[in-house]
1. Cα-Cα over 23 Å: which of A:LYS393/B:LYS141; A:LYS57/A:LYS102; B:LYS69/B:LYS161; A:LYS50/A:LYS135; A:LYS223/A:LYS275?
2. Looking at segment B:335-382, which trypsin sites (Lys or Arg not before Pro) are in a loop (DSSP not H, G, I, E or B) and have at most 14 other Cβ atoms within 10 Å?
3. Please identify which residues in segment A:203-223 have an amide N closer than 16 Å to a label point set 7 Å out from the Cα of A:GLU250, following the Cα→Cβ vector.
4. Tell me which residues come under 5 Å, amide H to amide H, from B:THR142 once H is placed; ignore anything under 5 positions away on its chain.
5. Can you give me the distance in nm between label points at A:ALA257 and B:GLN376, each placed 7 Å from the Cα along the Cα-to-Cβ direction?
6. Filter the DSSP H helices in chain B by two things, a Kyte-Doolittle mean of at least -0.5 and an axial alpha-carbon span of 24 angstrom or more, and list the hits by number.
7. Measuring label to label, 7 Å along Cα→Cβ, what does B:PRO219 give against each other copy in nm, shortest first?
8. Given a Förster radius of 25 Å and the C-beta distance between B:VAL221 and B:ASP115 as r, what FRET efficiency does 1/(1 + (r/R0)^6) yield to the nearest 0.05?
There are 2 protein chains.
Amino acid sequence: MRNCLVAQSGGPTVAINSSLAGVIQGAVDSRQFDTIYGSLNGVQGLLNGKLMNLSKKLEEIPMFIELLKKSPSMYLGSCRYQLPDYNEDDAPYAYIFNKFEKYEIDAFFYIGGNDSMDTVDKLSTYAKAIGNDIKIIGIPKTIDNDLCVTDHTPGYGSAAKYIASTLLEIGHDTSIYPINSVTIVEIMGRDAGWLTGASVLARNKYNFAPHLIYLPEVPFVEKEFIDDVKAAMNRYNNVVIAVSEGIKNENGKYISATTAVEDTFGHSQLSGTGKCLEYIIKQNIQVKVRSVEINILQRSAAHMSSVTDIGEAFRLGRHAVNLSLEGKSGVMVTAIRRSNNPYVVDMGDTDVRNVAGLVKHVPREWINERGNDVTQQFIDYVYPLILGEPVIKFENGIPDYLDVSHLFPDKFDD
Amino acid sequence: MRNCLVAQSGGPTVAINSSLAGVIQGAVDSRQFDTIYGSLNGVQGLLNGKLMNLSKKLEEIPMFIELLKKSPSMYLGSCRYQLPDYNEDDAPYAYIFNKFEKYEIDAFFYIGGNDSMDTVDKLSTYAKAIGNDIKIIGIPKTIDNDLCVTDHTPGYGSAAKYIASTLLEIGHDTSIYPINSVTIVEIMGRDAGWLTGASVLARNKYNFAPHLIYLPEVPFVEKEFIDDVKAAMNRYNNVVIAVSEGIKNENGKYISATTAVEDTFGHSQLSGTGKCLEYIIKQNIQVKVRSVEINILQRSAAHMSSVTDIGEAFRLGRHAVNLSLEGKSGVMVTAIRRSNNPYVVDMGDTDVRNVAGLVKHVPREWINERGNDVTQQFIDYVYPLILGEPVIKFENGIPDYLDVSHLFPDKFDD
């Protein structure tokens, strides 16, 4: 028998380790692989010889699979390395395939976003070109949910749940004073509004926050925004606004790039989108205003992950192993939604070229005409993805996640 | 029999509603009060006639006490109203005491920070001056933990738990790339470093983040800071820095006030402390740097509260009722730590004048000599306060908190 290899790439999510767990479990259950290797820091681990024996970890660490499913960020680390075109420079390819041979790798699973799918495409194309039979399979992940073909991406549901819960808590926080206030919450998403739209799920029978929602899919018009805020202030004391970091004006320019500020050294600094809207409101409306940037917490808060999301990430990892055993290569596993009520998702796959380098936007009809809210279609889409709460083990008052010290360099002795 | 009244004031915490629940439960159990009233928006509710019948809520809402204990922010709302000196203007006093009489109030419980204790002082002093026998008792709360006499304040333990857990998750997030980076996490605390110091609890057997901790109690010296960061970068790839928003330079000036930036309108804008440190690093060290401001999430994230904190907040509320029945007035209930291992806390009380308007700082000897970390004494102090995880009920994928729509104005019809 031969071996398999798995690696992770791109930005962290709280579900990407669950897909890794699914690959490991699938490989073990298939009984088709002797050893499961992990490449540290994506394909870079192959280039600099940093492979981890995951079969050994599975033996050594009690509850390894369960802990892995619930640990945030990336157990194998990440990289931003992009392979060159092999027609121009095939040196890294020769090096990588040499490693594949050395470690007797039959299947390579790469968990990542659309850049990582480009790597899957290049490696599988090269394999075919040189007549190498290795199977190379992509597994999607990104909190941004902007990958094509798949109904949604692992990591999105958990981030959406965190954002909705946080917006509810911000709604409570802002409700306490009987005076007018505006709170702007900046949410990740340079190109697509999936995460910001999910804030709509914070609304319930008493909480109407966020009262306004702005996505990058619709041009942001400052005058309309000011009118929207004024109108909301007529209805609500404390207006909460959810905004994507990537909103752009009518000329396609990022709003955050339109209000650069100068620091004391005279250098122009890009302020965040939330800060920009804060300035706009301060200039135009007499009201207490504050902006909050959820920042990297939305992609790392494993304590608030969605069981639906973590479970699907695991299934996709297992499915990737099955596809490799069926002889497929150069494909990405996908989630196919069969129905919303009951929520049913099947596993499928697609040629990675349908995904690599492409971005899936929120459909215009899922955003209201005014461009300051999402519609029921968006709610129906995202709602099932945030359901279910995991039991998180705590130790000493903080979550008990998997040790990732293998990612640290040996710079210190004590 | 007569009635009692309770109100909340100051900024939100996730434990202040648990103290309210403790007051309600204590008042019910005492069988000494007919009706328990709540004043909406602190003493302002008394001035504008917004009282809520909490005894009725207790009958109407199933699991009211349990839900209240776990709901964030302030069920009765807040105010920033400060009473004038009654020797100069006794009009609001006359009005408030008229309401006390009208509603036959025997005891008034005010849950808040050191400004609220000033209100307790003024009202109880006025009561004595006019020979009114009403009992007025303060119950502490503040995430800042800066109230004197009491060992710690309700709200602090939960915020500390959230901060430590979040720093651990940020540690995971920053660990994935094999390149140097610096992440600055700005934490609340204008005058005292209790919250920022609590970030030390994020460290475990593999996570050394935060690698540097800066509190307002020690002057911040830019040159030393740059040296600290460089030294940390020699040991760790990804350096995480926890910093209080209120750090000041050797001249006592807020760091955030030393690097004002100009917006495009030419107005000077105060940037946050985290952003300032980000600029300092960018100017002096070639490294990828990012700043994260935890902002209001640290005081509103009830889903990550400490059972120890929520339980003590409840006990303090109950104890306040007992004190009123013992005939005390003008006092604040306090937590007295008897031992750390096992952790034992008794309830006590102190004259509010020992608390009103005063600030408790982190002792200098709980901070290391260099001023870039806290000591074991700090850890021993804060550790027991974050222990225990509540079972949070979720509905539709988000936490199920108590409806606070009674705090909203009737501006809308639909």
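1. Among A:LYS393/B:LYS141; A:LYS57/A:LYS102; B:LYS69/B:LYS161; A:LYS50/A:LYS135; A:LYS223/A:LYS275, the Cα-Cα distance tops 23 Å for A:LYS393/B:LYS141.
2. Loop-located and lightly packed - B:ARG370.
3. A:218-223, by backbone N distance to the label point.
4. B:TYR156
5. Between A:ALA257 and B:GLN376, the label points sit 5.4 nm apart.
6. Counting only whole DSSP H runs, the qualifying helices are B:156-174, B:307-325.
7. 5.5
8. E(calc), rounded to 0.05, equals 0.20.
The values are calculated or read from the model by the stated rules, or taken from the named source; none is laboratory data. Everything numeric here is computed off the predicted structure, so don't read it as measured data. Neighbour counts run over all protein chains shown; Cβ positions are idealised from the backbone, glycine included. Heads up: the accessible areas ignore ligands, DNA and RNA and are worked out on the full protein's heavy atoms, side chains in. Shrake-Rupley method; radii C 1.70, N 1.55, O 1.52, S 1.80 Å.
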